[in-house]
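Any read-out appearing in this document is the output of simple, stated calculations on the displayed coordinates, not a laboratory observation. Predicted model, so just to flag it, every value in this text is computed and none were measured. Note that we place each Cβ from the backbone using ideal geometry, even for glycine, and neighbour counts take in every protein chain shown.
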Amino acid sequence: MKVVGTYPQTRLRRNRKNDWSRRLVQEKTLTPSDLIWPLFICEGKNIKEPIKTMPGIYRYSLDKIETLIEKALKYGIPMVALFPNTPAHKKDVVGSEALNKNNLICKALRLIKNKNRNIGIMCDVALDPYTSHGHDGLIKNNYVQNDETIKILIKQSLLQAKMGCDVIAPSDMMDGRIGEIRKALDKNGFKLVQILSYAVKYASSFYGPFRDAVGSKKALKSNKKNYQMDFRNKNEAIREVSLDIKEGADFVMVKPGMPYLDIIKTVKENFKIPVFAYQVSGEYSLIKNAINKGIINEDAIIESLYSFKRAGANAIVTYFADVVAKKLNK
Ligand code: PBG
């Protein structure tokens, strides 16, 4: 790109002088339709339980779900993502609770989906909220098994689809799971259930508060580096996305978000597929704590979301979704 124009004929500050003019030349727009709102659910009644490492974010019991869905609808948020906090006594080494048709996710899906409304529900496919060791798959010889894990993920996907889940979101990073899940969905009458692949998911320290929220933090003794991606790599992200598109992914996710804007851009430029960014729990907590301490002001939230739009993301999963959508509606 050649830079044209010289000072003093060219003064870029002219267009910035007034608000109306700044609006005329603005290149990106953020609307509530760009937001996906993650919700943490827990057992019990009338519970709104604070998550210590995520100020302002709560775990809700199922009787509170309806209010949250109505809020999302009112603000124009197109999709919510459900995450369960499974009680420790229901966890085991193989994550059996993932396949219980009365687990928290299934109950929530039935509750939300008994009314026909214009909102999508996405559910993670992975075993970590259900395993006693906190890993996303089955462990044998100290290694998370790929093909054995996929067999369970297929069942988990089919169960979620049957309960009304709109978007199946495998977040486990097993090789080949998108294709296997797509095949199983098609064979069982779920041809139009979408798949959002967490295609590029890095082994990241920024997930810490999430693991606290779903209660897998204490269980997890090691890291997830033998299945999640190495943060030193970028070419590998292209290979991951390319495989998942071939296997039938409808959209792909890059995760975490802000430390990986270059990856979002690269994926978007290489594949003309909808790309979602996940502004993860650690990113949320960094910004939120800084605001609470008066270190930065809350305009930083919307500023952070625009970085995803500039990088090329279509939508953003963010714990700020409700607050931002409310503000954008004003
Ligand atoms: C589970 C999963 C994780 C997140 C979403 N799904 C954590 C992990 O892989 O350990 C992280 C989300 C966040 O930090 O906000 N596989």
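Descriptive notes on the structure:
- Pairwise label distance in nanometres, Ser61 with Met1, each label 7 Å out on the Cα-Cβ vector: 5.4
- Net length available on complete extension from Ile302 to Asn18 is 100.2 nm, with 0.36 nm assigned per residue and the Cα-Cα distance removed.
- Stokes-Einstein D for region 220-284, Kirkwood Rh over Cα pairs, 10 °C, 1.306 mPa s (µm²/s): 125
- Evaluating 6.51 cos²θ - 1.76 cosθ + 1.60 at θ = phi - 60° for every residue in region 318-323, the Karplus couplings come out as 8, 6, 8, 3, 5, 4 Hz, glycine and proline recorded as x.
- Compared with the direct C-alpha span, the chain from Lys327 to Asn235 gains 29.4 nm at full extension, assuming 0.36 nm per residue.
- Distance between the 7 Å Cα→Cβ label points at Lys265 and Arg110: 4.8 nm.
- Looking at region 28-329, the pairs of alpha carbons with a distance over 34 Å make up 13% of the total.
- Bridge type composition, the chain - antiparallel percent by DSSP, nearest 5: 15
- Database remark: amide H of Tyr198 closer than 5 angstrom to the amide H of Met253 (H placed geometrically; neighbours at sequence offset of 5 or more, or on other chains; Pro and chain starts carry no H).
- Residue (of Phe40, Leu62, Gly257) at the positive-pole extreme of the chain, dipole from beta-carbon charges: Gly257
- Greater than 22 Å apart at Cα, pairs in Lys113/Lys255; Lys101/Lys246; Lys107/Lys225; Lys91/Lys187; Lys52/Lys265; Lys255/Lys309: Lys113/Lys255; Lys101/Lys246; Lys107/Lys225; Lys91/Lys187; Lys52/Lys265
- Here region 28-329 is treated with +1 on each Lys and Arg Cβ and -1 on each Asp and Glu Cβ, and its dipole about the Cα centre works out to around 400 debye.
- For the pair Asn100 and Lys246, a Förster radius of 30 Å applied to the C-beta separation gives a FRET efficiency near 0.40, rounded to the nearest 0.05.
- Karplus 3J(HN,Hα) series, Hz, for region 76-88 with 6.51 cos²θ - 1.76 cosθ + 1.60 (x for Gly, Pro): x, 7, x, 8, 10, 10, 9, 10, x, 9, 7, x, 3
- Packing-based ranking, highest mean first, of 292-300, 136-144, 77-85 given that Cβ atoms within 10 Å are counted: 77-85, 136-144, 292-300
- Two-site FRET efficiency, Val25 against Asn118, from Cβ-Cβ distance with R₀ of 51 Å, rounded to 0.05: 0.95
- For Val125, the residues whose amide H sits under 5 Å from its own are Ala169, Ser171, ignoring neighbours fewer than 5 places away on the same chain, with H placed 1.01 Å from N.
- Extension reserve of the Asn142-Thr10 stretch, reckoned as 0.36 nm per residue once the Cα distance is removed: 41.2 nm
- Ranked by how many other Cβ atoms sit within 10 Å of their own Cβ, fewest first, the residues Lys64, Lys2 fall in the order Lys2, Lys64.
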